[in-house]
Amino acid sequence: MKRNLTIGAMALSALSVMAQQTEKRPNIIFILSDDHATQAISAYGHPISALAPTPNIDRIASNGAILRNNYCANSISGPSRASILTGKHSHKNGFLANWNRAFDGSQQTLPKILQANGYETALIGKWHLISKPTGFDHWMILNDQGDYYNPDFITERDTVQYAGYVTDLITTFTKQWLQTREEDQPFFLMMNHKAPHRNWVPAERYYRLYEDVTFPLPATYFDDYEGRFAAAHQEMNIYRDMYEGHDLKMVTGVDSDTLLYDPWPHAFLGTMTADEQKRFFAAYRERNNAFHTTPMTEKEIAEWKYQRYLQDYLATIRAVDESVGQLLDYLEETGLDENTLIIYSSDQGFYLGEHGWFDKRFMYEESFGMPLLMQYKGHIKPGTQVEGLTQNIDFAPTLLDFCGIAIPDDMQGESFRELTETGRTPDGWRKSLYYHYYEYPGFHSVRAHCGVKTERYKLIYFYGEQIWELYDLQNDPHEIDNLYGKRGTEQITRELKQELKRLQAQYELPEDHLQPGKK
Ligand code: SGN
Ligand code: CA
């Protein structure tokens, strides 16, 4: 009798150890959109998002945590994705820019470590790292940037074109994989949306969603870039550099079905069927006709372009938000949400007209910042706000930490698990962030730069031109007043330069990475 009891107790404690172990091994769903600005996620509270809310993405924040000071290491797609996968800065993972050099898939990555620890791993959607994915048991990726309508999907076996809208297809394939995965294994699933990437083509049902909404013009829309050389020399201005056909869906005249300038027709209208094209032009006709029949000044045209850009950009996000809603519903209906950590982010931030811009790349807040929302029932309290400085190199270590898997020493990021679990930033947490953008010469002509950010200040060094910029984010949140070299800033400049050097040494930046030119 006694013996039996003991065995029973032992079995029970073994069970509870197992339960703890299972608890330590959450499933992970990583939702990564492309170019999704925090200004366009209503949980972040920006006035733009108030007019185009994202109720489903916000669900993740209200079920869990919103990270308010999360940043990327290099604000461009491939490099950010490589940092997410490796937990390392660009100079360590080797993917410096969206140049033609493939990601070295033989290196250590988050999915590989999870796989080695018994996880089933899957990737669906945008990949953009040139080499084939490694570390995923199942993958189905878009070709390069992918197309909005009727896109190709590449698998280990073949390339197949699917009929439909890219965001909806990615959601469908993701749900299908969830239904067919190995039920007895924990899983790591990446759902990587194309939207809201350029050229911002909404789902047909949303072509006209925001046509009557007037979005607030950013205070810096007509920025003169005074005192900021690189800002003055970029090519990402909405009213100067956007392609009127490709980006703004403008046509040649009243009732025209011919787009104005579109350098890549094969990647836009070219993938739509004839009927889809017809419905596309019909949906924009009234607005395009009004443009041609209303006299406008140059300034009014610049403002009209801003509205058209935002209407389309935000309309593509509506389908992303629906996708997140469908996934959350599925997890709740199946009870999977109990043991699944869900994370929503984007490869970088984006300009929604600030400084007159679209695109990213600069170390200024809008593109340096990355949205980050996380839920994990029983571990992250609903409504948690995280203020500490976090970065995409931290994602891999954080997720490994949540899974109870040892974080390899050579990962450069830190686990921010404690920040999300307590809502507090521990004393020893980092006080500064390192940033490095390489892609110059390149698309949009943003000069290569590196820099350091603290809670209040930011120092940027455009090393090709040997130009420095210094901002006091507290007094100048729009970063228009370059304080570098101004009287009274000597000490803070000295401190920030020292900190930049310290970070470069800590992260082992090779010396020639501060030389201009393609690496
Ligand atoms: C494309 C875009 C650019 C964009 C890059 C990188 N042009 O080339 O505007 O900066 O991608 O974006 S497009 O008209 O072809 O869309 S990234 O998010 O993949 O890094
Ligand atoms: Ca991107």
Check segment 498-507 and report whether any residue there is without any contact (Cβ under 8 Å) to a residue 40 or more places away in the chain, more than 16 Å from ligand 1 (Cβ to nearest atom) and in a loop (DSSP other than H, G, I, E, B). no
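Tell me the residue from Phe350, Phe395 that is within 16 Å of ligand 2 (Cβ to nearest atom) and in contact with a His (Cβ under 8 Å, 6 or more places away or on another chain), please.
Details: Phe395 fails: in contact with a His (Cβ under 8 Å, 6 or more places away or on another chain).
None of the others qualify; the one that does is Phe350.
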Could you count how many residues in segment 311-353 are part of a helix (DSSP H, G or I) and within 16 Å of ligand 1 (Cβ to nearest atom)? 5
Collect the residues in segment 417-470 that are part of a loop (DSSP other than H, G, I, E, B), in contact (Cβ under 8 Å) with a residue 60 or more places away in the chain and hydrophobic (A, V, I, L, M, F, W, C), keeping them in residue-number order. Val446, Ala448
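Yes or no: Tyr344 over 23 Å from Leu209 (Cα atoms), touching a residue at least 24 places away in the same chain (Cβ under 8 Å) and aromatic (Phe, Trp, Tyr)?
On the way: over 23 Å from Leu209 (Cα atoms): yes; touching a residue at least 24 places away in the same chain (Cβ under 8 Å): yes; aromatic (Phe, Trp, Tyr): yes.
Against the criterion (over 23 Å from Leu209 (Cα atoms), touching a residue at least 24 places away in the same chain (Cβ under 8 Å) and aromatic (Phe, Trp, Tyr)), Tyr344 qualifies.
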Checking the conditions here, which among Tyr119, Tyr210, Tyr162 is closer than 29 Å to His91 by Cβ and either outside the structural domain of Ala282 (by TED's automatic domain parsing) or in contact with a strand residue (DSSP E or B) (Cβ under 6 Å, 6 or more places away or on another chain) (or both)? Tyr119
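For (1) away from ligand 1 (no atom under 16 Å from the Cβ); (2) surrounded by 17 or more Cβ atoms within 10 Å (Cβ to Cβ), each residue gets a yes or a no:
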{"position": "Tyr162", "(1), (2)": "yes, no"}
{"position": "Asp168", "(1), (2)": "yes, no"}
{"position": "Leu178", "(1), (2)": "yes, yes"}
{"position": "Leu189", "(1), (2)": "yes, yes"}
{"position": "Ala195", "(1), (2)": "no, yes"}
Checking Thr294 against (1) within 16 Å of ligand 2 (Cβ to nearest atom); (2) surrounded by fewer than 18 Cβ atoms within 10 Å (Cβ to Cβ), which test does it fail? (1)
List the strands (runs of 3 or more DSSP E) that sit entirely inside segment 39-143 and contain at least 1 residues that are within 16 Å of ligand 1 (Cβ to nearest atom). 120-125, 138-142
First in segment 471-488 and among the hydrophobic types (A, V, I, L, M, F, W, C), second anywhere and not in a loop (DSSP other than H, G, I, E, B), Cβ under 7 Å, 6 or more apart: Leu473/Tyr457; Leu473/Lys458; Leu483/Leu470; Leu483/Tyr471; Leu483/Asp472
Please verify whether Glu156 is over 25 Å from Tyr243 (Cα atoms), more than 16 Å from ligand 2 (Cβ to nearest atom), touching a strand residue (DSSP E or B) at 6+ places or on another chain (Cβ under 6 Å) and part of a loop (DSSP other than H, G, I, E, B), treating the condition exactly as stated. no
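The values are calculated or read from the model by the stated rules, or taken from the named source; none is laboratory data. Predicted model, so just to flag it, every value in this text is computed and none were measured. Backbone-built Cβ (ideal geometry, glycine too); neighbour counts: all protein chains shown.
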